[in-house]
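The values are calculated or read from the model by the stated rules, or taken from the named source; none is laboratory data. Here the structure is a predicted model, which is why all the values come from computation and not from measurement. In this analysis, Cβ positions are derived from the backbone assuming ideal geometry, glycine residues included, and neighbour counts consider all displayed protein chains.
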Amino acid sequence: MQILQVLSGPLIGGVIGYFTNFLAVKMLFRPLHPVKIGKITLPFTPGIIPKRKDSLAKAVGIAVGENLLTKEDIVGIFEDEKMKSSIVEGVLEKCQKAMDTTVEGLLLKVISEEKLTEKKTALTRKITEKVKDELLAMDLGQLIAKGGSEVLKEKFQGGMFSLFINDEFIASLAEPIGKEVEKYIDSHGEEIFEPAVERQIDLLLEKQNTQIANLLGMDMDKLRVGMNAAYDNLVSENIEKLLNHLDVTAIVQEKVEAMEVEELEHLVLSVMKKELDVIVNLGALIGCLIGILNIFI
């Protein structure tokens, strides 16, 4: 009986300490919502974190934005050579895959076949109209007179007809011919040029992107140099401007505020479950020690 009395103090103290700390930990999150009896809200409801969720979100946002992930940190991340190499090589890998397909194949990854047909038709008409307009603006009569004059003079030079073949004579013949040609182009330009323009566009679409790059004097080595230079320019001249529009504090605060309380609880427990369990067990140990001390007091 005396042994039971001796053990009961530490045992009761341990149980009380355990459940006190267990309840305190649970009250961080539970209950999730206010508990009411009539119009009266019971004290300590909801739990501490649900009740102060907005304040917690603001505090976490400030901690992350002003201390853990500052603008200087973000700039440093982008200036890191490993980050630069990763981004540049990633873009070049995509470019290499694009090079291995045709112009049409690359475009079909961006737009539908129906849309591509519409764009091709519109481009064909646009180029045809441009060619026709340029020809009509050339003063064909003058061009025919100039070219014809040189040919006729060369052909009849030294002959009896050379006395009659002069610039005025050729101009008098070329001007009406030029005007008739212009009228014909104006009336039938689309049906003359459009098939040729369409064929050239089709040939372009069938070309490999590698062929286009070679025509432009581009290869992967030159592209890599250009990408590295573009990346350096972006980071040195524009990253700080971009970061002025990036409010890390506000983003983190909005994310935390948008989280459900259960999700927030799961997040905290996934990080601190062991530590919280230690606190609960420590309560049992302290209660037990207090019970032991009471034996000797």
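Residues of region 106-128 that are in contact (Cβ under 8 Å) with a residue 60 or more places away in the chain and surrounded by 15 or more Cβ atoms within 10 Å (Cβ to Cβ): L106, L107, K120, T124, I127, T128.
Here V103 fits the description: more than 30 Å from L242 (Cα to Cα), touching a strand residue (DSSP E or B) at 6+ places or on another chain (Cβ under 9 Å) and touching a residue at least 24 places away in the same chain (Cβ under 8 Å).
Can you find, within region 152-184, the residue that is modelled with the highest pLDDT among those that are aliphatic (A, V, I, L, M) and touching a Phe, Trp or Tyr at 6+ places or on another chain (Cβ under 9 Å)?
Checking each candidate, the answer is I165.
Going through (1) assigned to a helix (DSSP H, G or I); (2) surrounded by 13 or more Cβ atoms within 10 Å (Cβ to Cβ) one by one, K241 falls short only on (2).
Here is a yes/no grid of residues against (1) more than 19 Å from N294 (Cβ to Cβ); (2) out of contact with any Pro (no Cβ under 7 Å at 6 or more places or on another chain); (3) not in a helix (DSSP H, G or I):
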site	(1), (2), (3)
L11	no, yes, no
Y18	no, yes, no
L23	yes, yes, no
H33	yes, no, yes
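So which residues in region 250-274 are modelled with pLDDT of 80 or more, charged (D, E, K, R) and out of contact with any Lys or Arg (no Cβ under 8 Å at 6 or more places or on another chain), if there are any at all? Listed by number, the residues that qualify are E254, K255, E260, E262, E263, K274. Run M83 past the list (1) hydrophobic (A, V, I, L, M, F, W, C); (2) without any contact (Cβ under 8 Å) to a residue 12 or more places away in the chain; (3) farther than 30 Å from A229 by Cβ and report the number of the one that doesn't hold. The single condition M83 does not satisfy is (3). Please work out if K94 is loosely packed, with under 12 Cβ neighbours inside 10 Å, more than 21 Å from M259 (Cα to Cα) and either aromatic (F, W, Y) or at pLDDT 80 or above (or both). Yes: the conditions hold for K94.
Filtering region 63-74 to residues that are among the hydrophobic types (A, V, I, L, M, F, W, C) and surrounded by 15 or more Cβ atoms within 10 Å (Cβ to Cβ) leaves V64, L69, I74.
Is it true that I192 is in contact (Cβ under 8 Å) with a residue 24 or more places away in the chain, hydrophobic (A, V, I, L, M, F, W, C) and either in a helix (DSSP H, G or I) or within 30 Å of E89 (Cα to Cα) (or both)? No. Checking I87, I62 one by one, the residue that is of a type in the set (A, V, I, L, M), closer than 30 Å to V235 by Cα and modelled with pLDDT of 85 or more is I87 and no other. Can you say whether V271 is in contact (Cβ under 8 Å) with a residue 12 or more places away in the chain and assigned to a helix (DSSP H, G or I), as far as the supplied structure shows? Answer is no for this residue. Annotation note: of E66, E89, the sole residue that is charged (D, E, K, R), part of a helix (DSSP H, G or I) and free of Cβ contacts under 8 Å to residues at least 24 places away in the same chain is E89. When you look at I279, is it outside the structural domain of I62 (by TED's automatic domain parsing) and either out of contact with any strand residue (DSSP E or B) (no Cβ under 7 Å at 6 or more places or on another chain) or outside any helix (DSSP H, G or I) (or both), yes or no? The answer is no for I279. A residue that is of a type in the set (A, V, I, L, M, F, W, C), more than 40 Å from the chain's Cα centre (by Cα) and in the same structural domain as S270 (by TED's automatic domain parsing) cannot be found anywhere in region 45-61. Scanning region 35-48 for residues that are in a strand (DSSP E or B) and among the hydroxyl-bearing types (S, T, Y) yields a single hit, T41.
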